[in-house]
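S.K.: Sharing a structure below in structure tokens format, with a few things to ask.
The values are calculated or read from the model by the stated rules, or taken from the named source; none is laboratory data. Just so it is clear, the model here is predicted, and its values are computed rather than measured. Cβ atoms come from the backbone with ideal geometry, glycine included; neighbour counts cover every protein chain shown.
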Amino acid sequence: MPRPRPRPSAASAVIREMALGDLPAVFALGEKLFPADKWPALYRTWDEYELAVHFASDSETCLVADLDGEVVGFALGTLLEKRGSAWCYGYLLWLGVDGDIGRKGIAGRLFERITEIFIEQGARMIMVDTDAENEAALAFFRKQGFAQENPHVFLSRNLSRDPDYLRHRDGPPPKRRKPATSSRPNYAPGKG
Ligand SMILES: CC(C)(COP(=O)(O)OP(=O)(O)OC[C@H]1O[C@@H](n2cnc3c(N)ncnc32)[C@H](O)[C@@H]1OP(=O)(O)O)[C@@H](O)C(=O)NCCC(=O)NCCS
């Protein structure tokens with residue numbers, strides 16, 4: 001039986017802008033890294049719309065780590081401009097690296113490149129968010145110099161006993177919400 005080809009060293013990974021043809025590989029890697037039950041974030045979930053819409057609106061800040069033709073990591077970001085403020089923020093929405101090639105500096109290189117792009121676009125601050133129990137991500141971001149950690153609480157209320165919900169339940173199927181045009185958070189430093 002032929003032996004599997006050894007993977008080239010992580011150091012030879014190329015960080016480049018994401019191309020249309022990368023979408024299936026990025027989506028598959030994201031599904032592995034962001035299963036809905038692991039790091040649930042109600043305002044943002046990893047799905048085809050999230051990736052495709054983000055790629056269409058912010059392709060400059062969609063990067064992949066390409067190791068000999070294989071996508072082993074990605075970083076997706078967007079530039080936020082706050083109304084009434086001269087400040088622009090680079091917001092890193094998704095960062096992921098294949099666990100088989102973890103701790104080899106790939107995320108560090110993706111982060112370095114996206115930071116350069118944010119600066120070229122005029123950002124004066126970079127923001128990230130992650131689950132409070134995502135120790136790997138927190139360790140990573142702290143190592144990258146993130147220090148201001150502002151807790152943000154998400155609350156939910158089950159609507160399945162709400163009279164309106166019960167009335168609608170047996171009616172025609174609900175209209176599917178159109179995907180958001182971009183995964184921007186509804187908060188930014190200094191707001192609310
Ligand atoms: C977090 C993540 C992006 C790190 O990717 P990576 O390529 O392994 O990171 P790097 O090799 O660049 O790590 C740099 C530093 O981050 C920290 N770090 C990374 N992974 C860590 C882990 N599992 N445990 C503790 N610290 C970790 C370390 O300080 C590491 O430096 P060291 O290896 O010299 O100790 C990767 O683990 C991942 O994709 N996780 C799942 C998705 C996710 O949570 N993304 C972030 C939120 S969107």
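S.K.: Tally time: how many residues in segment 133-148 are more than 18 Å from the chain's Cα centre (by Cα) and within 15 Å of the ligand (Cβ to nearest atom)? Spell out the reasoning first.
M.R.: If we filter segment 133-148 for residues that are more than 18 Å from the chain's Cα centre (by Cα), which is where we start, we get 143, 145, 147-148.
Narrowing further to those that are within 15 Å of the ligand (Cβ to nearest atom): 143, 145, 147.
Within segment 133-148, residues that are more than 18 Å from the chain's Cα centre (by Cα) and within 15 Å of the ligand (Cβ to nearest atom) number 3.
S.K.: Still on this model: Working carefully through the options Thr115, Thr130, Thr78, find the one that is within 14 Å of the ligand (Cβ to nearest atom), modelled with pLDDT under 95 and farther than 19 Å from Gly21 by Cβ.
M.R.: It is Thr130.
S.K.: Taking only pairs six or more apart or across chains, which ones have beta-carbon atoms under 8 Å, a first residue in segment 34-45 that is near the ligand (Cβ under 10 Å from one of its atoms), and a second residue that is modelled with pLDDT of 75 or more and outside any loop (DSSP other than H, G, I, E, B)?
M.R.: Phe34/Trp94; Phe34/Gly96; Arg44/Glu50; Arg44/Leu93
S.K.: Can you list residue pairs whose Cβ atoms sit under 6 Å apart, with the first residue in segment 58-70 being assigned to a strand (DSSP E or B) and the second being of a type in the set (A, V, I, L, M, F, W, C) and exposed (fewer than 15 other Cβ atoms within 10 Å of the Cβ)? Count only pairs 6 or more apart in sequence or on different chains.
M.R.: Asp66/Val14
S.K.: Do we have Gly145 as surrounded by 10 or more Cβ atoms within 10 Å (Cβ to Cβ) and on the phi > 0 side of the Ramachandran plot here?
M.R.: On the way: surrounded by 10 or more Cβ atoms within 10 Å (Cβ to Cβ): no; on the phi > 0 side of the Ramachandran plot: yes.
No: the conditions fail for Gly145.
S.K.: I've got another one for you. Looking at segment 81-105, which of the residues that are among the hydrophobic types (A, V, I, L, M, F, W, C) and surrounded by fewer than 21 Cβ atoms within 10 Å (Cβ to Cβ) is farthest from the ligand (Cβ to nearest atom)?
M.R.: Looking only at segment 81-105, we keep the residues that are among the hydrophobic types (A, V, I, L, M, F, W, C), and these are 86-88, 92-95, 97, 101.
Now drop any that are not surrounded by fewer than 21 Cβ atoms within 10 Å (Cβ to Cβ), which leaves 86-88, 94, 101.
Values: Ala86: 28, Trp87: 22, Cys88: 21, Trp94: 5, Ile101: 7 Å.
Of everything passing the filter in segment 81-105, Ala86 is farthest from the ligand (Cβ to nearest atom).
S.K.: Do we find that Leu51 is touching a helix residue (DSSP H, G or I) at 6+ places or on another chain (Cβ under 8 Å), within 14 Å of the ligand (Cβ to nearest atom) and either at pLDDT below 95 or under 30 Å from Ala132 (Cβ atoms) (or both) in this structure? Write out each step before concluding.
M.R.: Values: touching a helix residue (DSSP H, G or I) at 6+ places or on another chain (Cβ under 8 Å): yes; within 14 Å of the ligand (Cβ to nearest atom): yes; either at pLDDT below 95 or under 30 Å from Ala132 (Cβ atoms) (or both): yes.
Answer is yes for this residue.
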